[in-house]
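So the structure is just underneath, and the comments pick up after that.
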Amino acid sequence: MKACQAEGWPAEVAAVISNRPDAGGLQFAVEHGVATAVVDHKTYASREDFDAELARVIDSFAPDLVVLAGFMRILTPGFTARYARRMLNIHPSLLPAFTGLHTHERALEMGCKVAGVTVHFVTAELDHGAIVMQAVVPVLPGDDAKTLSARVLTAEHRIYPQSVRWFVEDALAWDGERVTHRDGAAQQLLLS
């Protein structure tokens, strides 16, 4: 939202929707005059019921793009198909490596020399889908999961807004199941 306003993107945030009533993003949205909604997954008997209600609420705001942020739920194939090629997620690893949870711990256990973050389109397969952008950060001597996570988070804050901006400016092109930038802009960021 901040980047959209500061950089004058041809877009606006339609709503912030959370499955957790205490999510910090809800309060931020209220403070900035953005509509909010809560669809608490705990009140639904099945994933399908939750996803159906979530889709109904999302669709009531008619967004062009759904941007996941801190949404730690596995979505059903029907839901991901509904928003195919218009739902982005960010994952704290260089996909396809280290899908799922505990990415930093696993990278350190494997002795990785670099780690990173990936923005990708969401598909029914967990942490897969066309990659929009990646950022690479070094794994430093003495790193633990907390220090590595902090370095990756800094990279996340750089590439997620950029990826969303590319989408809203129609700068992304599909080549089969791969995504490229129409003008050849670098889709990777190397941080030291």
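Just checking, which of Ile58, Ile90 is part of a helix (DSSP H, G or I) and closer than 30 Å to Gly176 by Cβ? Walk me through it before giving the result.
Values: Ile90 fails: part of a helix (DSSP H, G or I).
Exactly one residue qualifies, and that residue is Ile58.
Matching residues to (1) in contact with a strand residue (DSSP E or B) (Cβ under 7 Å, 6 or more places away or on another chain); (2) hydrophobic (A, V, I, L, M, F, W, C); (3) at pLDDT 95 or above:
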residue	(1), (2), (3)
His120	yes, no, yes
Gly129	yes, no, yes
Met133	yes, yes, yes
Arg151	yes, no, yes
Thr154	no, no, yes
Pro161	no, no, yes
Val164	yes, yes, yes
Glu169	no, no, yes
Asp183	no, no, yes
Self-check item: Search result, residues across segment 111-157 that are outside any loop (DSSP other than H, G, I, E, B), of a type outside the set (A, V, I, L, M, F, W, C), within 29 Å of Ala173 (Cα to Cα) and more than 12 Å from the chain's Cα centre (by Cα)
Solution: Gly116, Thr154
Quiz item: Mind checking which residues of segment 163-192 are of a type outside the set (Gly, Ala, Ser) and crowded, with 18+ Cβ neighbours inside 10 Å?
Solution: Val164, Trp166, Phe167, Leu172, Val179, Gln187
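Looking at segment 171-192 only, could you name the residues that are over 23 Å from Glu156 (Cβ atoms), within 19 Å of the chain's Cα centre (by Cα) and touching a residue at least 12 places away in the same chain (Cβ under 8 Å)?
Here is the first cut: in segment 171-192, the ones over 23 Å from Glu156 (Cβ atoms) are 173-177, 182-184.
Now drop any that are not within 19 Å of the chain's Cα centre (by Cα), which leaves 173-174, 177.
Trp174, Glu177, listed by residue number.
Without any contact (Cβ under 8 Å) to a residue 60 or more places away in the chain, surrounded by 15 or more Cβ atoms within 10 Å (Cβ to Cβ) and not in a strand (DSSP E or B): does that describe Ala107? Working first, answer last.
On the way: without any contact (Cβ under 8 Å) to a residue 60 or more places away in the chain: yes; surrounded by 15 or more Cβ atoms within 10 Å (Cβ to Cβ): yes; not in a strand (DSSP E or B): yes.
Considered against the rule, which asks whether it is without any contact (Cβ under 8 Å) to a residue 60 or more places away in the chain, surrounded by 15 or more Cβ atoms within 10 Å (Cβ to Cβ) and not in a strand (DSSP E or B), Ala107 comes out as yes.
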Exercise. Name the one entry in Val137, Val132 that is within 23 Å of Leu75 (Cα to Cα), among the hydrophobic types (A, V, I, L, M, F, W, C) and either surrounded by 15 or more Cβ atoms within 10 Å (Cβ to Cβ) or in the same structural domain as Ala14 (by TED's automatic domain parsing) (or both).
Key: Val132
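The values are calculated or read from the model by the stated rules, or taken from the named source; none is laboratory data. Predicted model only: the values in this text are computed from it and were never measured. For neighbour counting, all protein chains shown are included, and Cβ atoms are generated from backbone atoms with ideal geometry for every residue, glycine included.
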